[in-house]
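Please read the structure below before turning to the comments.
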């Protein structure tokens, strides 16, 4: 990817997070007051979501799917805008401003280190390996991740490929089986990572090389 295109990606991202709020969605593994309100409404509507404890677990998932099926909605267990509207009678709120601010800071920090050389075991701007880079970038925003890529993969909440958002961490299998490479998703199918061939660089998630090696993603914030 050319420097001009990389700069364009940065500009477009900063404009989008500065002016457009992400649509929220709630799914298994989420927690908080929004989940508790959904649980209460499901229970009141005759769908057993279990205790109103604010934890989106198996019982809540089962209740959401049943509600979606009865309403002719996609029964994926995710409370997106259509499901939320049908259940709660109002529009779903956008993601919290603090989370958006942290995402913007993470992307800004990651892009600042484009071109930094790859160093095996590297954890500083003088040289990064993949997990050292991701850990450094997130720590700059007060989010402290494990050191190794496979350990980071066990951290945070799983995210399906179709629901990736900027700031999610993406994982690949490269030189060994299982998780062996990690990067930070930028949006529009692009991610940034520290690679042995290019140093810190932007790549396409669906490229011939990375697309076939993709394993999964995690949401850390």
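Each value in this text was obtained by applying a stated rule to the coordinates, not by laboratory testing. These numbers come from a predicted model, not from an experiment. Note: ideal-geometry Cβ built from the backbone for every residue, glycine included; neighbour counts use all protein chains shown.
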Mind checking the angle between helix 58-70 and the chain's longest principal axis? C-alpha axes, 0 to 90 degrees, to the nearest 10.
70 degrees
Applying the gyration tensor rule to the Cα atoms of the stretch 33-88 (axes a ≥ b ≥ c; rounded if a/c under 1.5, else prolate if a/b exceeds b/c, else oblate), the class is prolate
For helix 130-139, what angle does its Cα long axis make with the longest principal axis of the chain, in degrees from 0 to 90 and rounded to 10?
60 degrees
Sorted by average packing, counted as other Cβ atoms within 10 angstrom per residue and highest first, what order do 175-182, 108-115, 164-171 take?
164-171, 108-115, 175-182
What is the stretch 97-219 by shape, rounded, prolate or oblate, if you read a ≥ b ≥ c off the alpha carbon gyration tensor as root eigenvalues and call it rounded for a/c under 1.5, prolate for a/b larger than b/c, and oblate otherwise?
rounded
As a check on your grasp of the helix formula, calculate [θ] at 222 nm for the chain: sum -39500 (n - 2.57) over DSSP H runs of n ≥ 4, divide by the residue count, round to the nearest 500.
-11500 deg cm²/dmol
Under the 0.36 nm per residue contour assumption, what length would be gained going from the current alpha-carbon distance of residue 161 and residue 120 to full extension?
12.0 nm
Using only Cα atoms, tell me the angle between helix 3-19 and the longest principal axis of the chain; keep it within 0 to 90° and round to the nearest 10.
30 degrees
Over all directions, how big on average is the projection of the convex hull of the alpha-carbon atoms in the chain, in square nanometres?
12.8 nm²
